[in-house]
Amino acid sequence: MTRSALTTPPPDATRPRPLPGAPAPGAPLGPHYSRCFGCGDGHPNGLHLTALTPDGISVVAEFTVEETHQGAPGLAHGGVLAAAMDEVIGMSVWLFQRPYVTGRLETDYLAPVPVGTVLHMRAWCNGMSGRKAYLEAEGRIGSPDGPVAVRAAALFIEVAMEHFAKHGDIQTIADEHHEYEVNP
Ligand SMILES: CCCCC/C=C\C/C=C\C/C=C\C/C=C\CCCC(=O)SCCNC(=O)CCNC(=O)[C@H](O)C(C)(C)COP(=O)(O)OP(=O)(O)OC[C@H]1O[C@@H](n2cnc3c(N)ncnc32)[C@H](O)[C@@H]1OP(=O)(O)O
């Protein structure tokens, strides 16, 4: 992966460990929001990523490239592939039970991805330092051992839950996340 200093963990970064309460190995992760473009099961033409964690600190996911995801005829759009990488990385950092947002996403495209392909994705964390998490992902064509088509490195920044309430739609957050109080 060609990655910049901004997505490379500093020497003092700590390695993540599974937290108590992490999903059981192999359990499906489910969407964090039904209308999310990446994972929402209620999105009409989203990516519909399905994911699980094998170990409580990383995520494996599948993304089937559909007609609605094309750039060139018959081939996945690069921005859509970047969105899939963003999503699987976001799912992996969510395992640490604090809210993070993407600060920076770097993507290498190694092979075209035809419509109909099942992209087998994996995301993991290389280190955490203060509010910053340094993550990586890859997408392989056809099987978990298939050729790598896309790689990504990312810097995610921890935010307060209020970030989503302040900048987003607080009522929808309350409707979908019943543990989140609108007026705490
Ligand atoms: C139904 C409701 C759901 C509720 C939601 C709840 C949880 C959902 C979360 C996850 C769910 C699970 C799955 C994940 C799903 C999706 C994955 C996709 C995730 C996204 O798609 S998310 C959207 C795109 N994303 C944004 O919308 C961010 C916009 N942005 C900002 O909101 C601010 O920009 C922010 C907060 C990033 C920082 O702002 P800030 O004021 O808090 O902090 P500040 O600027 O001081 O940065 C602190 C330190 O980070 C460094 N830093 C910051 N940005 C950097 C950059 N770009 N490059 C390099 N370094 C950077 C600074 O240099 C400083 O470093 P230092 O400390 O060393 O000086």
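Brief remarks on what is shown
- Strands (runs of 3 or more DSSP E) completely within the stretch 68-164 that count 2 or more residues being surrounded by fewer than 21 Cβ atoms within 10 Å (Cβ to Cβ), in contact (Cβ under 8 Å) with a residue 60 or more places away in the chain and small (Gly, Ala, Ser): 118-129
- Unique residue being modelled with pLDDT of 95 or more and within 22 Å of Leu29 (Cα to Cα) when the list is Ser129, Ser143: Ser143
- The numbered conditions (1) within 24 Å of Glu176 (Cα to Cα); (2) modelled with pLDDT of 95 or more are all true for Arg151 except (1).
- Evaluation of Thr50 against (1) without any contact (Cβ under 8 Å) to a residue 24 or more places away in the chain; (2) among the hydroxyl-bearing types (Ser, Thr, Tyr); (3) away from the ligand (no atom under 15 Å from the Cβ) (one fails), failing number: (3)
- Single residue of Gly38, Gly42 found to be assigned to a loop (DSSP other than H, G, I, E, B) and within 11 Å of the ligand (Cβ to nearest atom): Gly38
- Matching residues, the stretch 45-57, being outside any loop (DSSP other than H, G, I, E, B) and under 18 Å from Gly79 (Cβ atoms): none
The values are calculated or read from the model by the stated rules, or taken from the named source; none is laboratory data. Small disclaimer: the values here were computed from a predicted structure and weren't measured. Virtual Cβ from ideal backbone geometry, glycine too; neighbours counted across all protein chains shown.
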